[in-house]
Amino acid sequence: MKASRFFIGTLKEAPADAEIVSHKLMMRAGMIRRVAGGIYDYMPIGLRSVRKVEAIVREEMNRAGALELLMPAVQPAELWQESGRWEQYGPELLRFKDRHERDFVMGPTHEEVVTDIARREIKSYRQLPVNFYQIQTKFRDEIRPRFGVMRGREFIMKDAYSFDKDRDGLAESYRKMYEAYVRIFTRIGLEFRAVAADNGSIGGSGSHEFHVIADTGEDDIAYCPSSDFAANVEAADALPLIAQRAAPTEELKKTPTPGAAKCEAVAQLLNIPLEKTIKSIILATDNEGAEPTIWLLMLRGDHSLNDIKTGKLPGLAGYRFATEAEIIEWFGTPPGYLGPIGTKKPVRVIADRTVANMSDFVVGTNEVDYHTTGVNWGRDLPEPEVADIRNVVAGDPSPDGKGTLEICRGIEVGHVFQLGTKYSDSMGATFLDENGKPAPMQMGCYGIGVTRVLGAAIEQNFDDKGIIWPEAIAPFEVVICPMGYDRSDAVREQADKLYATLQQAGIDVILDDRGERPGVMFADWELIGVPHRIVIGDRGLKEGKLEYQSRRDTEATLLPVDEAADVVMAKVRAALGK
């Protein structure tokens with residue numbers, strides 16, 4: 001490719017709405033252009049990187065035995081109604097009607113469509129296992145699209161769906177996809193972690209997320225440096241921090257705490273550790289035709305509620321936070337001084353695992369400006385329901401017993417799920433087993449955010465000059481920058497010769513023949529992030545030298561003209577593991 005025949009649309013400044021590094025640099029490098037909120041054009045230089053991600057994904061999916069197909073972006077509502085997700089999915093599902101007033105959706109994912117394929121096409125256990133995948137545009141109507149391709153509304157995704165005859169087969173399909181994902185993100189050149197995760201709106205049982213480690217990540221990842229344990233904070237087990245409850249040593253006492261409505265203020269006022277205080281979180285679940293059930297969840301003062309874990313507890317599916325009117329009705333006081341002792345009406349009390357082992361702790365008295373100190377289970381309160389309802393924090397014991405946890409930030413770029421029979425049951429996707437009896441297919445689904453990978457890679461690889469692409473997904477592997485291409489016959493002849501040699505060897509090279517000043521050329525290609533640069537000038541040619549510089553190098557290296565092609569080819573191939 002020659003730059004004069006290519007479109008290079010670099011910008012000196014990023015648009016004002018670009019908030020994070022990847023968004024700014026993708027706009028400045030001419031990779032994307034905004035069409036509407038969360039919707040982008042992928043310009044030629046950006047699309048080249050997209051296609052390279054797709055190629056790696058496609059190669060590894062094929063290697064793992066998956067079969068490529070293509071499903072429609074527009075899906076009939078009937079399929080979503082069958083699965084039950086028409087009502088469940090929420091406003092991110094873009095619904096619309098055609099000219100005949102029939103309901104359709106723009107597909108955010110394709111579980112329903114692929115299950116429909118399976119139930120129509122798969123009749124016998126002899127046709128299983130099978131794994132279908134596609135690389136296709138998706139649409140999710142995000143309430144607040146932001147961060148460029150990181151949280152857009154329209155995006156390119158690879159989604160795969162496995163069908164097996166039993167749980168053992170599903171486990172094997174899941175293993176193959178997990179290993180394929182490890183190969184994909186390794187080949188792309190990302191620092192990543194596979195972490196245990198919650199299934200969310202997809203449903204099913206076990207799942208893992210693949211996160212690119214970056215400070216700008218939206219997810220907190222809990223991991224153990226001395227073991228293989230890693231999990232999204234929302235899914236990580238929080239073990240009790242107190243092994244055994246101690247006997248009471250304090251008397252129960254109503255204690256003035258004027259103006260101290262927060263645990264931190266109570267601890268400071270009473271001159272006690274924050275770890276001795278309890279925060280009371282009041283939730284409600286609605287009952288048709290009756291008053292709501294009010295729940296009091298007890299957490300240590302320095303801990304926070306895990307919404308995902310809470311919503312999975314018996315009776316708390318679809319919970320909401322209680323209104324102030326409900327709190328006053330059940331507790332007799334506004335929020336700030338709430339506790340489990342002396343409520344006006346009965347409440348369901350759930351204590352976190354750590355709280356259940358505490359003694360001599362402090363709770364609200366259900367009276368403004370007062371707390372109760374010296375509270376103990378059994379003596380002052382009945383034994384509670386106990387559950388894991390908090391987020392883990394750095395320093396917590398690792399659930400695998402092999403060390404303590406640390407927390408880092410991650411950008412989710414892939415997710416693998418064991419769905420089981422969630423969709424095959426609701427949509428009637430059955431097959432005839434070895435005994436000629438119908439049985440539901442066991443399903444798995446496996447997604448990679450192809451366009452999101454670009455943003456994640458940039459968040460992990462950049463400097464003050466621009467992008468530093470991993471070689472495997474750079475728009476070009478090598479750029480040749482001739483000084484005075486339009487003025488010097490010697491420079492032009494050597495540049496064209498080197499360009500032809502690299503092209504013939506299969507190197508993805510671009511020759512900047514625009515005749516730009518060196519500073520402009522260098523700034524453009526450093527911003528775009530091409531991994532290898534060769535500079536050709538009259539002065540160097542007189543000495544039989546070319547100038548080579550890796551995008552990660554601080555200084556250039558002189559190479560003999562006759563050896564330059566071989567050296568650069570070796571560097572490119574080494575970086576790609578070839």
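Derivation of every value follows stated rules applied to the coordinates shown; laboratory data play no part. Computed from a prediction, not measured in an experiment: that's the story for all the values here. In this analysis, Cβ positions are derived from the backbone assuming ideal geometry, glycine residues included, and neighbour counts consider all displayed protein chains.
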Size of electric dipole in the chain: Cβ of Lys, Arg +1 and of Asp, Glu -1, about Cα centre, debye, nearest 20: 940
Listed residue pairs exceeding 23 Å between alpha carbons, taken from K12/K542; K97/K123; K279/K345; K176/K312; K12/K138: K12/K542; K97/K123; K176/K312; K12/K138
Restricting region 1-104 to chymotrypsin sites (Phe, Trp or Tyr not before Pro) in coil, as DSSP defines it, with at most 14 other Cβ within 10 Å: F7
Rel. contact order, % - alpha carbon contacts under 8 angstrom, at least six apart, the chain: 17
Förster-model FRET efficiency, 41 Å R0, L313 and R126, C-beta, rounded to 0.05: 0.45
Estimated inter-spin distance, A556 and Q81, nm [label 7 Å along Cα→Cβ]: 6.8
Peptides ranked, highest mean first, by Cβ atoms within 10 Å: ranges 472-482, 296-306: 472-482, 296-306
Helix axis angle, 44-63 relative to the chain longest principal axis, alpha carbon, degrees: 70
FRET efficiency estimate (nearest 0.05) - Cβ-Cβ, A265 to K465, R0 51 angstrom: 0.60
Distance between region 209-238 and region 491-551 - C-alpha centres, whole angstrom: 41
Computed magnitude of the charge dipole of region 476-575 (debye, nearest 20; Cβ of K, R +1, Cβ of D, E -1): 140
Positive-end residue of S4, L313, S173, charge dipole of the chain with Cβ unit charges: S4
Spin-label model distance (nm) - N287 vs T323, 7 Å beyond Cα toward Cβ: 1.8
Separation of alpha-carbon centers, region 75-96 and region 423-467, rounded to whole Å: 18
Cα lying deepest toward the dipole's positive end in the chain, options I536, V130, Y423, charges on Cβ: I536
Positive dipole terminus of the chain, leading residue within G436, A564, M298 (C-beta point charges): A564
Shape category assigned to region 29-178 from the gyration tensor of Cα positions, a/c cut at 1.5: oblate
Simple spin-label estimate for F96 and N435 in nanometres, 7 Å along Cα-Cβ: 4.9
Per residue, the convex hull volume that the Cα atoms of the chain enclose (Å³): 211
